Amino acid sequence: MARLLQDPPKLHPSEWYTANNLQRARTESQKSRSECMTAESWRLVDEIEKTTQKTQNDVNKKLEQRREEIKFWKQELDNKLEQIVHETETLLTFKNRLERALEGCKEPLVITQKCLLYRQKRVGIDLVHDEVEQELVKEAEVLQGIIALLGRTLEQTNEQIRRNRSAKYNLDMDLKDKFTALTIDDYCASLTNDTPYIIYADNAMKLEGNFVSPEDWIDFSNINVEKADKQRNNSLALKALIDGILSQTANDMRKQCEMVNTAFRNRVKEVKDAKHKLETLLAMVMDETASQEKNIAALKKAIADKEGPVKVAQTRLEARNHRPNVELCYDRVHSSLMSEVQEITKNIQRQDALAQAQTELKGLSRRQLSLEEEIKVKENTLYIDDVLCMQMRESVCINNY
């Protein structure tokens, strides 16, 4: 108990002063370090604020530049889209012109083929491979060649329209992405430090997805623009080609149509002239036939008229042959009677003129039948060429499409 109540050891006054001085020194040192730390903290805060502000300003500037860049390419894409849409619409009208031109070739070809078919019904000597048939065959070849050319051009036009639409699709998709990107960057540009609802996004720093380089980004849109330009230029060239083809084919069709029509007109005139000459010859033959018939009748009458005199002469001879005795004299009368009978008999027996006349009459009849048949041939030819073909060809209409 006495040990517990023992007084603690006493310190020396110097120790007390030393301890106080030490506390003061440590406190002043701590305070100095704290003040330095505070000053450094304010400097650091100020530096961070300035750096953050500078960085944010830099980001804002780059964001604005990016927005302008997107707007530039968006405008470029919009322009190219408008151009390719316009070219496609124009090309569609050219396609329609080609289709109408192709349809317009069908009726002339059918008419040409009908003309060739009708003309196969010509008969006799008129079934000839004349200039009309040559021009009709050429016209059919021209029309078939034009139809094939227009068909190939139409296929080429359809393919170009498909390519234009493909380029338009690429532009549409690129523009859609550009619009979305611009909308996002516009939203980002509108954000400030005081904007409500801004949040921490812990995963924002992760580079997820298929990021592309700025160069690839430019190349992508540039390729779409170049493709659109290429297809637009191709469309312009194709339209010029179509214009030339439509103009040339229409001229070729008109030229050949006129060649055929001219050949038809010449042939009809030629056949009409031939028919007129045949009709003139027929009239001559019929006149000559009538004349020959009169001639034969006259010959027959002349022969018939000699029967009386020959009978008289022969009767006289027969009677004088019965003279008696010396009276049966071969006198001048008997001699004359003999000569008369011989002469008349000889003339009667000379029927070669009548036979020849009858032969000529038969020949004239045959010639008449031949001429009549030939005239019918010409009438058939004129009906085919002038009525069936030429009237049908009047409906041929060749337009500039």
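The values are calculated or read from the model by the stated rules, or taken from the named source; none is laboratory data. Here the structure is a predicted model, which is why all the values come from computation and not from measurement. Virtual Cβ from ideal backbone geometry, glycine too; neighbours counted across all protein chains shown. These area figures cover heavy atoms from the full protein model, side chains too; ligands, DNA and RNA do not enter into them. Shrake-Rupley method; radii C 1.70, N 1.55, O 1.52, S 1.80 Å.
Quick check on my filter: what residues within the range 98-122 are under 15 Å from Ile245 (Cβ atoms) and not hydrophobic (A, V, I, L, M, F, W, C)? Of everything in the range 98-122, those that are under 15 Å from Ile245 (Cβ atoms) and not hydrophobic (A, V, I, L, M, F, W, C) turn out to be Glu99, Arg100, Gly104. Is there a residue in the range 220-227 that is closer than 14 Å to Val132 by Cβ and among the polar types (S, T, N, Q)? No, the range 220-227 contains no residue that is closer than 14 Å to Val132 by Cβ and among the polar types (S, T, N, Q). Within the range 37-60, residues that are touching a residue at least 12 places away in the same chain (Cβ under 8 Å) reach partners that are small (Gly, Ala, Ser) and in a helix (DSSP H, G or I) with beta carbons closer than 8 Å, at six or more positions or on different chains, in the pairs Asn60/Ala189. Do we find a residue being outside any loop (DSSP other than H, G, I, E, B) and either outside the structural domain of Val142 (by the TED database) or among the small types (Gly, Ala, Ser) (or both) anywhere in the range 95-111? Yes. Filtering the range 125-143 to residues that are open to solvent by less than 60 Å² (accessible area, probe 1.4 Å), in contact (Cβ under 8 Å) with a residue 40 or more places away in the chain and either farther than 13 Å from Ala263 by Cα or charged (D, E, K, R) (or both) leaves Asp126, Asp130, Glu135, Glu139, Val142, Leu143.
With respect to Asp252, is the statement that it is over 23 Å from Glu82 (Cβ atoms), in contact (Cβ under 8 Å) with a residue 40 or more places away in the chain, open to solvent by 50 Å² or more (accessible area, probe 1.4 Å) and part of a helix (DSSP H, G or I) true? Criteria met by Asp252. Across the range 215-231, a minimum of one residue is classified as closer than 26 Å to Glu99 by Cα, under 44 Å from the mean Cα position of the chain (by Cα) and polar (S, T, N, Q). Among the residues making up the range 65-90, those that are of a type outside the set (A, V, I, L, M, F, W, C) and open to solvent by less than 70 Å² (accessible area, probe 1.4 Å) are Arg67, Glu69, Lys74, Glu76, Asp78, Asn79, Lys80, Gln83, Glu87, Thr88, Thr90. Residues that are open to solvent by less than 40 Å² (accessible area, probe 1.4 Å), within 30 Å of the chain's Cα centre (by Cα) and at pLDDT 90 or above do occur in the range 262-280, at least one of them. No other residue among Ile146, Ile161 is open to solvent by less than 50 Å² (accessible area, probe 1.4 Å), within 28 Å of the chain's Cα centre (by Cα) and closer than 19 Å to His86 by Cα apart from Ile161. I'd like to know if the range 346-362 contains one or more residues that are in a helix (DSSP H, G or I), surrounded by fewer than 15 Cβ atoms within 10 Å (Cβ to Cβ) and modelled with pLDDT of 90 or more. Yes: one or more hits.
Every residue, every condition in (1) assigned to a helix (DSSP H, G or I); (2) modelled with pLDDT of 95 or more; (3) more than 23 Å from Tyr169 (Cα to Cα), yes or no:
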| site | (1), (2), (3) |
| --- | --- |
| Ile184 | yes, no, no |
| Cys188 | yes, no, yes |
| Ile199 | no, no, yes |
| Lys206 | no, no, yes |
| Gly209 | no, no, yes |
| Asp216 | yes, no, no |
| Phe220 | yes, no, no |
| Asn234 | yes, yes, no |
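Candidates in the range 301-331 are the residues that are open to solvent by 100 Å² or more (accessible area, probe 1.4 Å) and basic (Lys, Arg); of these, the one that is modelled with the lowest pLDDT is Lys311. Annotation note: Cβ proximity below 7 Å between a residue of the range 223-238 that is in the same structural domain as Glu76 (by the TED database) and a residue that is of a type in the set (Val, Ile, Thr) and open to solvent by less than 20 Å² (accessible area, probe 1.4 Å) (sequence gap 6+ or interchain) occurs for Ala228/Ile84; Gln231/Ile84; Arg232/Ile84; Leu238/Thr157.
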